[in-house]
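Heads up: the structure comes next, in structure tokens.
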Amino acid sequence: MLTRADQARLEYLLKLIDDLNMITQRHSGVIGTLKDVEGFYAVMMCCLQLGETLNKLENVYLRKQLPISLAYSMRNIIAHDYLGINPDVIISTINRDIPDLHAQIERFLQETPDVPTMS
């Protein structure tokens, strides 16, 4: 069973992913987004927030199932080593890993219907 806090965190993660998808669609894809100064910073902030929020999850099962360590490592690179950001890693993460993360989070939310959703 999820706590209300973890429920809210998972829902926020889905919102961040939806925002990330919207941003990249506005720029005709991830590469176009990263070439645009505003798009670049928006993507970096979403990735930073994904890592930060994932790391705040308290549920032990979720912590074992989700890529928290990788996401938090990316968060740290974005927050502390801006020159160390590898665009290829960002592109791969958004195109390959983020859709998988979205599916995992949706599955976790569906598995715990007894917790009220945040409105």
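The values are calculated or read from the model by the stated rules, or taken from the named source; none is laboratory data. Everything quoted here is computed from the prediction, not taken from an experiment. Neighbour counts are summed over all protein chains in view; Cβ atoms, including those assigned to glycine, are modelled from backbone coordinates with ideal geometry.
General observations
- Search result, residues across segment 67-87 that are in a helix (DSSP H, G or I) and over 20 Å from Asp19 (Cα atoms): Ser69, Leu70, Ser73, Asn76, Ile77, His80, Tyr82, Leu83, Gly84
- Taken as a whole, the structure leaves Met1 outside the set of residues that are without any contact (Cβ under 8 Å) to a residue 40 or more places away in the chain and under 30 Å from Glu111 (Cα atoms).
- Of the candidates Ala79, Ala103, the single residue that is in contact with a Leu (Cβ under 7 Å, 6 or more places away or on another chain) and without any contact (Cβ under 8 Å) to a residue 40 or more places away in the chain is Ala79.
- Within segment 52-62, the set of residues being aliphatic (A, V, I, L, M) and either surrounded by 19 or more Cβ atoms within 10 Å (Cβ to Cβ) or in contact (Cβ under 8 Å) with a residue 40 or more places away in the chain (or both) comprises Leu54, Leu57, Leu62.
- Of all residues in segment 1-33 being in a loop (DSSP other than H, G, I, E, B) and surrounded by fewer than 20 Cβ atoms within 10 Å (Cβ to Cβ), the one that is nearest to the chain's Cα centre (by Cα): Gly29
- Residues satisfying the stated conditions in segment 63-84, i.e. more than 14 Å from the chain's Cα centre (by Cα) and buried (at least 17 other Cβ atoms within 10 Å of the Cβ): Ile77
- The set of residues from segment 53-64 being over 14 Å from Lys15 (Cβ atoms) and of a type outside the set (Val, Ile, Thr) comprises Asn55, Lys56, Leu57, Glu58, Asn59, Tyr61, Leu62, Arg63, Lys64.
- Residues that are buried (at least 17 other Cβ atoms within 10 Å of the Cβ) and under 11 Å from the mean Cα position of the chain (by Cα), drawn from segment 34-51: Val43, Met44, Cys46, Cys47, Leu48, Gln49, Leu50, Gly51
- Within segment 68-87, one or more residues are among the charged types (D, E, K, R) and modelled with pLDDT under 95.
- Any pair with Cβ under 7 angstrom, 6 or more apart, that starts in segment 28-47 at a residue that is over 26 Å from Arg9 (Cα atoms) and touching a residue at least 24 places away in the same chain (Cβ under 8 Å) and ends at one that is crowded, with 19+ Cβ neighbours inside 10 Å and aliphatic (A, V, I, L, M): Leu34/Val43; Leu34/Ile90
- When every residue of segment 52-66 is checked against the conditions, at least one turns out to be farther than 17 Å from Gln104 by Cβ and either assigned to a helix (DSSP H, G or I) or modelled with pLDDT under 95 (or both).
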